[in-house]
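Written out below as structure tokens is the structure these notes cover.
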Amino acid sequence: MSTKYEVKTSNKLGRYLVAAKDLRAGERILSDQPFVLGPNSDTSLVCFNCYLPLISKFVVCKNCGIAPICPGDGCPEQFAKWHSRQECDFFRNLKLNKGTSPMTMVQNVGSLLVLRALLKQNDSPQEWKVFSELESHLDRRRDSSVWEYYDNTVKFIQSLGLLENGQNQELVQQICAAIDVNSFEVRGPPIPAIGCAEVLRGVYLQATLLAHDCVANTHMSINDNNVLVCHASTDIKKGEPIYYNYTDALKGTAIRQQHLMIGKYFKCTCSRCSDVTEMGTYMSSAVCPACKTGYMSQHGELWVCHSCKNETEHSVVGHKVQCCSDKLEVINKKDEKELEEYIRYVSLVLAPNHYLLLDAKQRLAGVLRDIINREPRPTKKVMRRKMELCKELLPVLETLSPGICRIKAITLYELHATIVQLAKKLFDAREITGADFADELLCAEKHLKHALEMLVIEPGNSPEGELCAKALEEYRALKLTIAKVMDSVHAEGKVYKIEDVTEEEALHPEID
Ligand SMILES: [Zn+2]
Ligand SMILES: [Zn+2]
Ligand SMILES: [Zn+2]
Ligand SMILES: [Zn+2]
């Protein structure tokens, strides 16, 4: 049993985890191997052994003669292998006794995860027992479209003769439901040299006990070996529930609740969901047409201004918000001008931190980052705009994802990078003094340090882990640059240029 958490039970949350001791932000709470991991129910063909997408051709496993696997040199060594000996023997028997063909497997790749879960019944009976007791909300799915959707899976499993005496389609539906309700998205192995990957689903038997809250106190990552690691994102006191946010923190309450209802079958009543201002961010609010400065939030069929109390019909405001949402769907989200125009336009209707605006601003920041990195001489205007967007996003993230947060870390990293780029450009053009330059670099250093404190818990082999390694090198180089700039500020009459510090010097400082 873990010393970090205890399992509790309540009517509202079912089984959930609480801190068994005071936990510090950044402390590891649990790490979890997947019970099962596999393709989505609507996936294209993947290798049954390593889950690489099989784009044009495949071969079948030599032993069973059924499982489609990677052609050529076979599955790359570095990826985990999922076609177990037991499964292979089971498939071999199918082929010998029922004449099952590889095409049956190819056509039912979307049911592979269910098949593998069911095989655990014999292969890992203890884990199977825990899995079979997970929440599945089966009664709410019965006779719904999702029940019908999984009919093919039921037929496929039945055709394999996998159901034991007395077991019926209910069991298959229950497995489908338990996977839908309890699985986490996992990045599949990337195709070598191309990098694209399938999105897989994994069931993690410890992590699935984390209760949901739209303001989480944990940070989750899944490394390339498919191990899920959960860290405290803020300090958690002994006895407090440990929460994970199963939705997107940067979406408004209506969208989050819809996502939770469809995917997890519950209505969230957390403090953020119960607060129409969404913790003062006004993330789902609109600008009041009466006073023009207050923000309106929806109360049933009315939108009420928090400032002047003006009331407007939902049909009027709801329609305007929907238009903003529809417009974001159709604009080119890689185009700086279209995004700027969109932001200008919807700012007249939506509160400044409305999730649609934040979405557009995040995308614009990404477009500007690419421009700055691509252009040989990016303009000061582009840099300043990108910094402004990062600064607008950060306080919202701090409120809705307090403590350690992946998007916050990346935003802080981006902010630091642009502060350095702009300061260098200004200093080189003699537009700021050495002292101003040093101040800007110190400010960038502060942001980079904060980003690093969060990135350091990311798995080394993830994109965020790679960013962490890069950020760490940049941090060392930046500290060295700052020291040199400070020296030159103090050395009278010396004109200092940033080029004086070579990359080599920055990365490998001489130790006196
Ligand atoms: Zn493979
Ligand atoms: Zn095989
Ligand atoms: Zn909530
Ligand atoms: Zn008003």
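No lab work stands behind these numbers, since they all come straight from the coordinates. Bear in mind the structure is a predicted one, so any value in this text is a computation, not a measurement. A quick note on method: Cβ atoms are made from the backbone with ideal geometry, for glycine too, and the neighbour counts reach across all protein chains shown.
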Practice problem: Could you tell me the largest-minus-smallest coordinate of the C-alpha atoms of the range 1-118 on each of the three principal axes, in descending order and whole angstroms? | Solution: 55, 31, 26
Quiz item: If you take the charge dipole of the chain about its Cα centre, with +1 on Lys and Arg Cβ and -1 on Asp and Glu Cβ, which of Tyr246, Ala290, Trp147 is farthest toward its positive end?
Solution: Trp147
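Can you pull out the trypsin sites (Lys or Arg not before Pro) in the range 312-367 that DSSP calls coil and that have at most 12 other Cβ atoms within 10 Å? Don't jump to the answer; show the numbers that get you there.
On the way: sites: Lys320, Lys327, Lys333, Lys334, Lys337, Arg344, Lys361, Arg363; in loops: Lys333, Lys334.
Answer by residue number: Lys334.
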Self-check item: Estimated vicinal HN-Hα couplings, Hz - the range 435-445 in sequence order (Karplus 6.51, -1.76, 1.60; Gly, Pro = x)
Solution: 5, 5, 4, 4, 4, 4, 5, 5, 5, 4, 4
Self-check item: the range 202-329 - percent relative contact order, Cα under 8 Å, separation 6 or more
Solution: 14
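Return the Rg/Rh ratio of the range 360-422 with Cα-based radii and a Kirkwood Rh. Spell out each step's value before the answer.
Numbers: Rg = 11.7 Å, Rh = 11.9 Å.
Rg/Rh for the range 360-422 comes to 0.99.
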Quiz item: Using 0.36 nm per residue, how much length does the chain from Ile191 to Lys95 gain when fully extended, once their Cα-Cα distance is taken away?
Solution: 31.6 nm
Quiz prompt | Label-reachable residues, the range 152-186, where backbone N falls under 14 Å from a point 7 Å from Ser31's Cα toward its Cβ | solution = none
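Taking Cα pairs under 8 Å and at least six residues apart, what relative contact order does the chain come out at, in percent? Before the final figure, lay out the partial values.
Details: 773 pairs, mean separation 64.2, N = 512.
Answer for the chain is 13 percent.
Using alpha-carbon pairs under 8 Å, 6+ residues apart, how would you state the relative contact order of the range 96-220 in percent?
On the way: 86 pairs, mean separation 27.9, N = 125.
Result for the range 96-220 is 22 percent.
Per residue, how big is the convex hull around the C-alpha atoms of the range 148-196? Give it to me in cubic angstrom, could you? Could the numbers behind the result be given before it?
Details: hull volume 6.0 nm³, N = 49.
About 123 Å³ per residue, rounded to a whole number.
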Quiz item: What is the fewest-to-most order of Tyr243, Tyr265 by other Cβ atoms lying within 10 Å of their Cβ?
Solution: Tyr265, Tyr243
Exercise. Compute the normalised compactness of the chain: alpha-carbon radius of gyration over 2.2 N^0.38 Å, N being the residue count.
Key: 1.14
Exercise. Just tell me which lysines come within less than 16 Å, Cα to Cα, of Lys320; anything on the same chain fewer than 8 places away is out.
Key: Lys292
Quiz item: From largest to smallest, what semi-axes in whole angstrom does the range 78-171 give when each is the square root of 5 times an eigenvalue of its alpha carbon gyration tensor?
Solution: 23, 18, 14
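Gln167 to Lys237: FRET efficiency via 1/(1 + (r/R0)^6), r the Cβ-Cβ distance, R0 35 Å, to the nearest 0.05?
Working: r = 45 Å, r/R0 = 1.28.
The value I calculate is 0.20.
Compute, for the chain, the length of the dipole vector about the Cα centre, with Cβ point charges of +1 (Lys, Arg) and -1 (Asp, Glu) only. Units Debye, rounded to 20.
The calculated dipole for the chain is roughly 800 debye.
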Exercise. Convert each backbone phi in the range 250-258 into a coupling constant with the Karplus relation 6.51 cos²θ - 1.76 cosθ + 1.60 (shift: θ = phi - 60°), then list the ³J(HN,Hα) values in order as whole Hz, x for Gly and Pro.
Key: 9, 10, x, 4, 4, 5, 4, 5, 5
Self-check item: DSSP loop GluC sites (Glu not before Pro) with at most 14 other Cβ within 10 Å: longest gap in the chain
Solution: 165-300
Self-check item: From the C-alpha gyration tensor of the range 336-466, square roots of 5λ in Å
Solution: 24, 22, 14
Quiz item: Which Cα, out of Phe79, Ile69, Val227, lies furthest along the positive dipole direction of the chain (beta carbon charges, K/R +1, D/E -1)?
Solution: Ile69
Quiz prompt | Binned Cα-Cα distance frequencies in the range 175-216 - 5 Å width, integer % | solution = 6, 19, 19, 19, 15, 12, 7, 3
Quiz item: Sorting Met103, Met454, Met279 on the 10 Å Cβ count, fewest up front, what's the list?
Solution: Met103, Met279, Met454
Exercise. Quick one: compute a quarter of the convex hull surface over the Cα atoms of the range 36-198 and quote it in nm².
Key: 10.0
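Which pairs, out of Lys333/Lys408; Lys95/Lys120; Lys238/Lys391; Lys386/Lys449; Lys120/Lys267, put more than 23 Å between their alpha-carbon atoms? The partial results should precede the final answer.
Working: Lys333/Lys408 21 Å; Lys95/Lys120 20 Å; Lys238/Lys391 34 Å; Lys386/Lys449 20 Å; Lys120/Lys267 32 Å.
Going by Cα-Cα distance, Lys238/Lys391; Lys120/Lys267 fall outside the 23 Å limit.
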